Amino acid sequence: MLMSDAPSITAPTASDRISDPMLPSPYRVQRARWDTDDTFSLELVPLDSDDIPHFAPGQFNMVYVYGVGEIPISISGDPTRRDLLVHTTRAVGTVTRAMSKLRVEDMLAARGPYGTAWPVAEAHQKDIVIVAGGIGLAPLRPAMYHIMAHREQYGRVVLLYGARTPGDVLYRKQLEQWRAHFDLDVFVTVDRATGSWRGSVGLVTSLIGRAPFDPLNTVALVCGPEVMMRFTTMGLEKRGVDTKNIYVSLERNMKCAIRLCGHCQFGSTFVCKDGPVFRYSQVQSLLTKWEV
Amino acid sequence: MVKISRREGRAAQLIEHHDFQSLFDVLKAKKYRLIGPTVRDGSVVYDEVARVDDLPVGYSDEQEKGSYRLNKSDDHRLFGYGVGPHSWKKFLFPPAVRLWQARRDDGSFQIIPEDYHAEPLALIGVRACELNAIAIQDRVFLDGEYRDPIYAAQREKLFVLAVNCGQAGNTCFCASMHAGPRVTGQFDLAVTEVINGESHYFTVEVGSPRGEEVLSEVPHRPASGEEKALANQIITQTAASMKRSIDTRGIKQRLYASFEHPQWDDIAARCLACGNCTQVCPTCFCSTVEDVTDLSGNTADRWRKWDSCFTTDFSYIVGGSIRSSVKSRYRQWMTHKLATWIEQFGTSGCVGCGRCITWCPVGIDITEEIAALRAEKQPATAVEAAKEDVSYADV
Ligand SMILES: Cc1cc2nc3c(=O)[nH]c(=O)nc-3n(C[C@H](O)[C@H](O)[C@H](O)COP(=O)(O)OP(=O)(O)OC[C@H]3O[C@@H](n4cnc5c(N)ncnc54)[C@H](O)[C@@H]3O)c2cc1C
Ligand code: SF4
Ligand code: SF4
Ligand code: FES
């Protein structure tokens, strides 16, 4: 795995090491590209093993940038690809900006995967509605890969995606490819049209009303800003989707991801362990309160 | 420490006061570092002790909301005071610890794990509430999918000499939390200090084979029925004299239902969000991480440090802090301690040690605040109502 000209990296593997659960493994950047003006994807190869750890769609890693810090980032790659770890990140602050400056051959470290997954197996034979806002498409992409790879196991599959502007549309090529499928309904909307955009304008919630799915036989997967998720779940409920069949992915401050640091508490749950993916009915009463 | 339940029927033993030093000597000979209460800067703290004289001999404390005072008398009582600002958690869950170091070299870096050596510690004078606090932290740090290896390593190297409390501090309410004042397990040896006229002795209970072994090397004899009864009476009196309490009946539901209670605003008007309460609490376990780079930039250390849910940073995510108001942070702290903790770990997060009451600079008292929350009425009458709701006499 090592490039001959790169200095060798030795990561400790002894499992009885004292700092073990907080100890990340080294990765090398194989590919780095900007998806939008502020969002980039890194393809990473593991340096101390051949494969990346097995992950389920919706899970996340703690990603460490040398000397800067460690942050939770969802895994956004294809879960069947074990050779490559993919993270799509929006540059918003200290660690994410430092991460955005990494180039091919640079190193970072990651540990994981952590947290709960989208219920892709439980949703067999059901219609799937995926609703994503902005960067929220990143943690949902592995679910899309899985569903497309097992297309026959699902009913109708609908992807509703909202971005701020056409320039903010994430994974544009991939969305176009998916839209070309006859067995997949992809709707993309932007809050604000610019340039030559001739597509839909409006909030992603406005797409729910006319999306083709059977509300009584649907599993909905939702990820985006918390307000967007609140309105989306309201829209889905209005269509008749049971809150037990709606899943949301939550974001909270995380320092450990292993249920030890206390930061991610949300009511009695630890978002790093009991989430980030929750059944909406489980967190609905908390999500409608402020400053929980 | 091996978890063994008390062996019923084994006669209580007795160590005379003048032989107590021998217990220290035996533990030292067995290569334990002795940690116990000692006086520093006007309070009882936990630190290395070599001799019985290093303990706060003859000291007693006066604790109240927001105040703490030590008094010295001429008696030779070794454990005549309550808990101070320190708790044993600082030995099992260090306030700051380096987790690992990254070393940079030509665009890449290596991660070097920390070699952490737990040393055998003998904890001298652990109170019932503190043993329960350790049991609670055991669930937090050892019972999950991921264990804290630092805690786990140190936990296995403890010798616990527990002590039954001979007096209740003014801020104590362990009895109502079912966490004291009687030590009921999880120790190697447990003593009760008795001064009766000219005699000064410790009745001893053995809690583990290790305790047995240590005791066998210390001068001791079986306690008489009367000596035992005296010791028992002391503990019973301690429980009976406790002034504060929390009514824990249905407390979880009560707190959940109190999310919008006006009392939170009342507390927020007083609370400084200093986090003292979380620092002194023996069960609070939150931590943060910090990255420290050296001047050359070639090494970056990752540290874990105690953290407090009273800071705005604690819940910060991009866009702002989730709990930006003091009200929401106090509510989170108290709701966690007394309600969500039960769901998370199957136990309350509070043992009633009273530290958060004594060390709060503005004297916020968790027992009073709970009583006020339990009162359905509006803030002006809440305190009055609380008096009816909680009876301090039935402890
Ligand atoms: C489960 C989960 C999955 C996520 N997946 C993605 C993803 O796929 N793509 C993406 O772009 N973003 C994702 N995020 C959000 C991402 O973690 C934050 O944008 C990131 O932490 C911001 O760090 P920063 O240093 O750049 O920002 P700053 O605003 O500079 O943050 C300062 C510091 O605050 C702390 N901090 C801020 N937000 C968080 C947080 N949510 N958790 C822990 N610490 C925080 C960090 O220590 C950070 O160094 C996810 C968050 C969670 C909880
Ligand atoms: S309750 Fe008291 S000790 Fe705790 S944060 Fe508020 S002022 Fe500080
Ligand atoms: S909440 Fe207060 S009384 Fe309860 S264990 Fe913590 S410090 Fe002690
Ligand atoms: S991130 Fe530390 S407990 Fe969840």
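The values are calculated or read from the model by the stated rules, or taken from the named source; none is laboratory data. These numbers were taken from a predicted model, which means no experiment stands behind them. Quick reminder, even Gly has a Cβ in these numbers, built from the backbone with ideal geometry, and neighbours come from all protein chains shown. Heads up: the accessible areas ignore ligands, DNA and RNA and are worked out on the full protein's heavy atoms, side chains in. Shrake-Rupley method; radii C 1.70, N 1.55, O 1.52, S 1.80 Å.
Look at the alpha carbon pairs under 8 Å that are at least 6 residues apart: their mean separation over the length of chain B gives a relative contact order of 21 percent. The phi torsions of region A:150-165, fed into the Karplus equation with coefficients 6.51, -1.76 and 1.60 and a -60° offset, translate into couplings of 10, 3, 5, 7, 10, x, 6, 10, 10, 10, 10, 10, x, 10, 5, 9 Hz, rounded to whole numbers, with Gly and Pro shown as x. Applying a DSSP loop filter and a limit of 15 other Cβ atoms within 10 Å to the GluC sites (Glu not before Pro) in region A:110-216 leaves A:E122. Ranking A:G77, A:M144, A:M22 by how far each Cα lies toward the positive end of the dipole of chain A (charges on Cβ) leaves A:M144 at the top. When all alpha carbon pairs of region B:1-106 are counted in 10 Å bins from zero, the resulting P(r) reads 11, 30, 32, 17, 6, 3, 1 %. Helix A:226-239 and the long axis of chain A differ in direction by around 40°, with both axes built from C-alpha atoms.
Taking K and R as +1 and D and E as -1, what net charge do the other residues with C-beta under 13 Å from the C-beta of B:F314 add up to? Don't skip to the end; give the middle numbers.
On the way: positive: A:R252, A:K255, B:K305, B:R323, B:R329; negative: A:E291, B:D307, B:D313.
For residues surrounding B:F314, the net value is +2.
Think of it as helices only: each DSSP H run of n ≥ 4 in chain A is worth -39500 (n - 2.57), and spread over all residues that comes to -5000 deg cm²/dmol at 222 nm. Here chain B was treated as a single set of alpha-carbon atoms; its pair distances binned every 10 Å from 0 give 5, 21, 30, 24, 14, 5, 1, 0 percent. Find the relative contact order for region B:85-212 and round it to a whole percent, using C-alpha pairs within less than 8 Å whose residues are 6+ positions apart. Over region B:85-212, the number comes to 21 percent. Counting Lys and Arg as +1 and Asp and Glu as -1 over every other residue whose Cβ lies under 11 Å from the Cβ of B:Q279, the net charge comes to +2.
Couplings 3J(HN,Hα) of region B:195-201, computed from phi: 10, 9, x, 7, 8, 9, 9 Hz, in residue order, whole Hz [Karplus 6.51 cos²θ - 1.76 cosθ + 1.60, θ = phi - 60°; x for Gly and Pro]. For chain B, taking a cut-off of 4.7 Å between Cβ atoms, the unpaired cysteines are B:C165, B:C172, B:C271, B:C274, B:C286, B:C309, B:C350, B:C360.
If you take the accessible area of A alone, add that of B alone, and subtract the area of the pair, what total do you get in Å², probe 1.4 Å, to the nearest 100?
That pair of chains buries around 4300 Å² in total.
Say we join alpha carbon atoms closer than 10 Å with springs in a Gaussian network model of chain B; which of B:E290, B:E343, B:E145 then has the biggest fluctuation? Ranking B:E290, B:E343, B:E145 by mean-square fluctuation puts B:E145 first.
One quarter of the surface of the convex hull around the alpha-carbon atoms of the protein assembly as shown equals 34.6 nm², the direction-averaged projected area. Here, chain A is characterised by an Rg to Rh ratio of 0.97, where Rg is the alpha-carbon radius of gyration and Rh the Kirkwood radius. Rolling a 1.4 Å probe across all protein chains gives A:T39 an accessible area of roughly 10 Å².
Computed on protein heavy atoms with a 1.4 Å probe, the accessible areas place A:W290, B:W88, B:W303 in the order A:W290, B:W303, B:W88, largest first. Based on Cα contacts under 8 Å between residues 6+ apart, region A:127-287 shows a relative contact order of 21 percent.
What is the log10 of I(q)/I(0) for region A:81-142, computed with the Debye formula using one identical point scatterer on each Cα and no solvent, at q = 0.11, 0.18, 0.22, 0.30 Å⁻¹? Log-scaled intensity ratios, in q order: -0.39, -0.91, -1.19, -1.41.
Please give the net charge around B:E198, taking every other residue with its beta carbon less than 13 angstrom from that of B:E198, where Lys and Arg add +1 and Asp and Glu add -1.
Net charge in that neighbourhood comes out at -2.
When only alpha carbons are used to place a centre, region B:37-87 and region B:99-140 end up 27 Å from one another. Across B:S199, B:S43, B:S245, mean-square fluctuation computed from a Gaussian network of chain B (C-alpha pairs under 10 Å connected) peaks at B:S199. Comparing A:A56, A:A211, A:A163 in a Gaussian network model of chain A, where Cα atoms under 10 Å apart are tied by springs, the biggest mean-square fluctuation is seen for A:A211. Estimated at 0.36 nm per residue, the fully extended path between B:R51 and B:R139 surpasses their Cα-Cα distance by 28.4 nm. In summary, region A:147-281 shows an alpha-carbon radius of gyration equal to 1.17 times the 2.2 N^0.38 Å reference for compact globular proteins.
Counting only DSSP beta bridges whose two residues both lie in region A:127-287, roughly 20 percent are antiparallel.
For the pair region B:185-216 and region A:207-283, the centres of their Cα atoms are 55 angstrom apart. Taking the DSSP beta bridges with both ends in region B:118-207, the antiparallel portion is around 50 percent.
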